[in-house]
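The values are calculated or read from the model by the stated rules, or taken from the named source; none is laboratory data. Please read these numbers as outputs of a predicted model, since none were measured by experiment. Positions of Cβ are generated from backbone atoms using ideal geometry, with glycine treated the same way; all protein chains shown enter the neighbour counts.
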Amino acid sequence: CLDVDECSSSPSKCGPNSVCKNLPGRYKCSCLPGFSSPTGDNWSPEKPGHFSCTDVDECLDSGVCPEHSECANSLGSYSCHCQDGFIFNNSLCEDVDECADPRACPEHATCHNSFGSYSCVCNSGFESSSGNRSFHGPGGMCEDVDECSRNSTLCGPNTVCTNIPGEYSCSCLPGFISPEFWTPKQPEAFKCTDIDECLDMCPFNATCTNTLGNYFCTCHPGFAPSNGRLNFTEQEVECGDIDECVQDPSPCGPNSVCTNALGSYSCGCIVGFRPNPEGSWKYGNFSCKRVPFKCKEDVIPNNKQVLLCQVGTAVEPEDVS
């Protein structure tokens, strides 16, 4: 009698996902790797139970895959996949240093590696376009913070705030000065105070008036600026003497003599007149009045000849100039 090869029949005597092994006068069944039968391997028909192979879920075993990985079961097998932020190396899932890639974070950001992850943090003077303090790049962006527009008093009074990518700087307005240069490390030391330009800015015969952040010059009374403007700041302007005596009419009035002086003038009266005691050339109301006198019949003292005398008098003059 010849042996019958039961394993050659179709379908297989052992069922799917199995291996049939022919033996003299009999056969036995075993499951393929990744499968199991409740009756166990090496089953033969004389043994009790029904042989069938079902998939083994290897992922039920917590140790089948290394740490920081995920197990994926498949029919008759399984696979391990390292989690995001890890890479498979020597049967282990090791941390990936994303910051080793210069493209991990956008410009103006610092990359911080962490176990299984990383984060991007915008540098000082920049902020994330999303508004979050930290983010994953490279989709995010770090935009410059305009500190000057956000805080109009950032640099203090009498200053100019200038925005620079990632920072800002402070300077004084014209006419102001700070004892210390501005530095971001010591911003409190930067204070702009008014420059007193009147220490040495106006010409001779002029008065300097200091104002907040500026100044102006005014010629003294009796002097006039060479540019014709009452108040001026140009250093080339000079204050020249005003010759009041060339004015018409004379500032001293009729029957007078005007004498110009540096920055001033004086008034006197011609012969036969004397200053009016009720007026003064200093106050602009100088005037000359005729000298009242009576005459003698002969030459008056000091060789002063009186040409006209009142009739019937012989008294020398009260005042003759």
Counting only residues in region 197-227 that are aliphatic (A, V, I, L, M) and in a loop (DSSP other than H, G, I, E, B), the one nearest to Val237 (Cα to Cα) is identified as Met201
Taking first residues from region 121-134 that are over 13 Å from Thr110 (Cα atoms) and second residues anywhere that are at pLDDT 85 or above, the pairs with Cβ under 6 Å that are 6 or more apart or on different chains are Ser129/Met141; Ser129/Glu143
Of the listed residues (Ser250, Ser264, Ser178), the one being of a type in the set (Ser, Thr, Tyr) and in the same structural domain as Asn158 (by TED's automatic domain parsing) is Ser178
Within region 96-110, of all residues that are touching a residue at least 24 places away in the same chain (Cβ under 8 Å) and either surrounded by 13 or more Cβ atoms within 10 Å (Cβ to Cβ) or in contact with an Asp or Glu (Cβ under 6 Å, 6 or more places away or on another chain) (or both), the one farthest from Val145 (Cα to Cα) is Ala104
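Looking only at residues that are of a type in the set (Gly, Ala, Ser) and surrounded by fewer than 16 Cβ atoms within 10 Å (Cβ to Cβ) in region 147-168, which one is modelled with the highest pLDDT? Break it down into steps so the answer makes sense when it comes.
Within region 147-168, the subset of a type in the set (Gly, Ala, Ser) is 149, 152, 156, 166.
Checking which are surrounded by fewer than 16 Cβ atoms within 10 Å (Cβ to Cβ) leaves us with 149, 152, 166.
Working: Ser149: 93, Ser152: 89, Gly166: 89.
It comes out as Ser149.
Within region 172-189, count every residue that is small (Gly, Ala, Ser) and surrounded by fewer than 16 Cβ atoms within 10 Å (Cβ to Cβ).
Of the residues in region 172-189, 1 are small (Gly, Ala, Ser) and surrounded by fewer than 16 Cβ atoms within 10 Å (Cβ to Cβ).
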If we keep only residues of region 89-146 that are aromatic (Phe, Trp, Tyr) and assigned to a strand (DSSP E or B), then the residue farthest from Val160 (Cα to Cα) is Tyr118
Residue hits (region 260-285; at pLDDT 85 or above and under 30 Å from Pro225 (Cα atoms)) are Asn260, Ala261, Leu262, Gly263, Ser264, Tyr265, Ser266, Cys267, Gly268
(1) more than 25 Å from Phe204 (Cα to Cα); (2) modelled with pLDDT of 90 or more; (3) out of contact with any strand residue (DSSP E or B) (no Cβ under 6 Å at 6 or more places or on another chain) all hold for Val257 apart from (3)
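Going residue by residue through region 293-300, is there one that turns out to be assigned to a loop (DSSP other than H, G, I, E, B), surrounded by fewer than 16 Cβ atoms within 10 Å (Cβ to Cβ), aliphatic (A, V, I, L, M) and at pLDDT below 85?
The answer is yes; a qualifying residue exists.
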Those residues of region 160-181 which are part of a loop (DSSP other than H, G, I, E, B) and within 12 Å of the chain's Cα centre (by Cα) amount to Pro165, Gly166
Could you tell me whether region 178-188 includes any residue that is of a type in the set (Lys, Arg) and closer than 30 Å to Glu143 by Cα? yes
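Among the residues of region 1-43, count how many are part of a loop (DSSP other than H, G, I, E, B) and under 23 Å from Leu75 (Cα atoms).
Of the residues in region 1-43, 17 are part of a loop (DSSP other than H, G, I, E, B) and under 23 Å from Leu75 (Cα atoms).
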Screening Phe181, Phe176 for residues that are modelled with pLDDT under 90 and among the aromatic types (Phe, Trp, Tyr) leaves only Phe181
Condition set without any contact (Cβ under 8 Å) to a residue 40 or more places away in the chain, touching a Gly at 6+ places or on another chain (Cβ under 9 Å) and buried (at least 16 other Cβ atoms within 10 Å of the Cβ), scope region 192-214, selection farthest from Ser266 (Cα to Cα): answer is Cys192
